[in-house]
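In what follows, a structure is listed as structure tokens, so that the remarks can point back to it.
Readers should treat all values here as calculations from the given coordinates under stated rules, not as data from a laboratory. Predicted model only: the values in this text are computed from it and were never measured. Don't worry about glycine lacking a Cβ; one is built from the backbone with ideal geometry, like all the others, and counts go over all protein chains shown.
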Amino acid sequence: MEQTVEFLRIMSEKNRLKILCLLKEGEKCVCEIWQCLRRPQNLTSHHLKVLKDFDLISSRKEGVKIFYKVNRKVVKKYLRLLNKFLKD
């Protein structure tokens, strides 16, 4: 249950949810993400770190750019936990 609560806490922040929606479309550079959100780069980086620390997204570095993508396996895991919680 604790994991489900933490997942919901993280996902309840609208910018994090927006980031996941953006990344559903495919891998994006942090520069693309913060511009789409219309938020400062440092605030966007904070949200990306929270998502990455919870393993909902992964990143790779290419030169000076960092690209992020959804970790679909982990997202599905938390959705299953949430569904189980709601059914019980």
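Determine the calculated [θ] at 222 nm for the chain from helices alone, applying -39500 (n - 2.57) to every DSSP H run no shorter than 4 residues and normalising by the residue count; nearest 500 deg cm²/dmol.
Working: 5 runs with 58 residues, N = 88.
The per-residue figure over the chain is -20500 deg cm²/dmol.
The distance from the alpha carbon centre of region 42-88 to that of region 23-38 is 13 Å, rounded to a whole number.
By the equivalent-ellipsoid construction on the alpha carbon gyration tensor, the chain comes out with semi-axes of 25, 13, 10 Å, ordered largest to smallest.
Which of the peptides 56-68, 40-52 is most tightly packed, and how do the rest follow, going by the mean number of other Cβ atoms within 10 Å of each residue?
Going by the mean number of other Cβ atoms within 10 Å, highest first, we get 40-52, 56-68.
Charging the Cβ of each Asp and Glu at -1 and of each Lys and Arg at +1, and nothing else, the dipole of the chain about its Cα centre rounds to 200 debye. Straight-distance candidates among the aspartates and glutamates for linking to LYS24, with alpha-carbon spacing under 16 Å and chain neighbours fewer than 8 residues away dropped: GLU32, ASP55. As a length-normalised measure over Cα pairs under 8 Å and 6 or more apart, the relative contact order of the chain settles at 32 percent. Cross-link pairs exceeding 21 Å between alpha carbons, from the set LYS49/LYS77; LYS14/LYS65; LYS49/LYS76; LYS18/LYS69; LYS14/LYS84; LYS28/LYS52: LYS14/LYS65; LYS14/LYS84.
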